[in-house]
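Asker: Would you mind keeping the following structure in view while I ask a few things?
The values are calculated or read from the model by the stated rules, or taken from the named source; none is laboratory data. Everything quoted here is computed from the prediction, not taken from an experiment. All Cβ positions, even for glycine, are placed from backbone atoms using ideal geometry, and neighbour counts span all protein chains on display.
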Amino acid sequence: MRILAAGALAFVPVLGAPPATPEPETPPQAVSVQVEPGVSKGTGKLVPTAGADRLVAPLGVDPACPATLKIGMRSEAKKAAYATMRVEADSPLTASRAMLTSYLPPGYEVRAKLLVAVPPGTAEGTYGLRLRTPSSTLKVPVEVVPVDGLDNGGNLALRRPVTASSQHTNANYPPCSVADGDRSSNGWAGGNGWNDATARSWPDTVAIALGGARQVSRVDLYTLDTERYPASRYGLRDWDVQVRAGGGPWQTVAQVRGNTAGSARSDFAPVAAEDVRVVALASNGANDYTRIIEVEAR
């Protein structure tokens, strides 16, 4: 399925196959590179920018969910021109792009998402990431730490292993993204958020291993919700929250029914759990898929 515009669908048939039954509409992914207007200071420089002064990259996470950083460059030139910035990462780290190139009028800034992967066997420590333009270099330290060393803010699910009942293949919907710490729907279909592969077929499940027995009394779920794709039409409506310990049976500790909001909090009596699972039962609207952005356990 290819989306041309909101509500306008085009289906590409497979040669030799009977006509396909149109599948439910899936919202398109966010734009990966954005150019925004600004005011030039007239210095003539091309200034590299980053969304944070450092990047924390956990060890041992699913390769489909590497550490991410917003990078960019701003033109302070007096005339519009093509601008290029090189991206360098210390070995053995790898970056998703070696350069960023864009046509920039004076004052304009281009932004893009950079993925930084940590190969297995990488030693803990601080590595270098450099954003280089002809006139300037911005250095962003990358701190490689084990998952247990992360400041998780009380979220026991952060960066823990995730398994799902299925995964839609038309875009980038990795299950591990429901535990990457990003609650925003802006990166939908571009690596932030899980979409199952079985339209109108229930239940769907996504489970998170907590890395050992933990006391859990709350699970927050964030579903797809933007101005263009609101939760009331595209979000998850009904689900159960389950936990288990010691490889035993799953125990239902909370239920959500009739949800139309972008997030819902489930509180329950504290229980020792090694795994947390969401059992999705229905979504809003006729285009029923399970769409989950983030799951947090506390």
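Asker: Condition first: outside the structural domain of Thr163 (by TED's automatic domain parsing), touching a Phe, Trp or Tyr at 6+ places or on another chain (Cβ under 7 Å) and not in a loop (DSSP other than H, G, I, E, B). Can you find one or more residues in the stretch 42-65 that meet it?
Answerer: The initial filter retains those residues of the stretch 42-65 that are outside the structural domain of Thr163 (by TED's automatic domain parsing), namely 42-65.
Okay, now just the ones that are also touching a Phe, Trp or Tyr at 6+ places or on another chain (Cβ under 7 Å), so none.
Looking for residues that are outside the structural domain of Thr163 (by TED's automatic domain parsing), touching a Phe, Trp or Tyr at 6+ places or on another chain (Cβ under 7 Å) and not in a loop (DSSP other than H, G, I, E, B), one finds none in the stretch 42-65, hence no.
Asker: A further question follows. Output the number of residues of the stretch 246-280 satisfying the condition of being within 19 Å of Val162 (Cα to Cα) and more than 22 Å from the chain's Cα centre (by Cα).
Answerer: Filtering the stretch 246-280 for residues within 19 Å of Val162 (Cα to Cα) gives 246-252, 272-280.
So of that shortlist, the ones also more than 22 Å from the chain's Cα centre (by Cα) come out as 246-252, 272-274.
Of the residues in the stretch 246-280, 10 are within 19 Å of Val162 (Cα to Cα) and more than 22 Å from the chain's Cα centre (by Cα).
Asker: Just name the residue that is nearest to Lys45 (Cα to Cα) out of those in the stretch 96-116 that are surrounded by fewer than 18 Cβ atoms within 10 Å (Cβ to Cβ) and aliphatic (A, V, I, L, M).
Answerer: Per the criteria, the residue is Met99.
Asker: Checking the conditions here, which among Arg214, Arg159 is touching a helix residue (DSSP H, G or I) at 6+ places or on another chain (Cβ under 9 Å), touching a residue at least 40 places away in the same chain (Cβ under 8 Å), among the basic types (Lys, Arg) and outside the structural domain of Lys45 (by TED's automatic domain parsing)?
Answerer: Values: Arg214 fails: touching a helix residue (DSSP H, G or I) at 6+ places or on another chain (Cβ under 9 Å).
Answer to the check: Arg159.
Asker: Let me ask something else about it. Which residues, counting only those in the stretch 227-245, are outside any loop (DSSP other than H, G, I, E, B) and either free of Cβ contacts under 8 Å to residues at least 12 places away in the same chain or under 25 Å from the mean Cα position of the chain (by Cα) (or both)?
Answerer: Filtering the stretch 227-245 for residues outside any loop (DSSP other than H, G, I, E, B) gives 231-234, 236-244.
Hits for the stretch 227-245 are Ala231, Ser232, Arg233, Tyr234, Leu236, Arg237, Asp238, Trp239, Asp240, Val241, Gln242, Val243.
Asker: Examine the stretch 66-82 for a residue that is touching a helix residue (DSSP H, G or I) at 6+ places or on another chain (Cβ under 8 Å), buried (at least 19 other Cβ atoms within 10 Å of the Cβ), in contact (Cβ under 8 Å) with a residue 60 or more places away in the chain and within 30 Å of Leu210 (Cα to Cα), and state whether such a residue exists.
Answerer: Let us first name the residues in the stretch 66-82 that are touching a helix residue (DSSP H, G or I) at 6+ places or on another chain (Cβ under 8 Å), namely none.
No, there is no match, as no residue in the stretch 66-82 is touching a helix residue (DSSP H, G or I) at 6+ places or on another chain (Cβ under 8 Å), buried (at least 19 other Cβ atoms within 10 Å of the Cβ), in contact (Cβ under 8 Å) with a residue 60 or more places away in the chain and within 30 Å of Leu210 (Cα to Cα).
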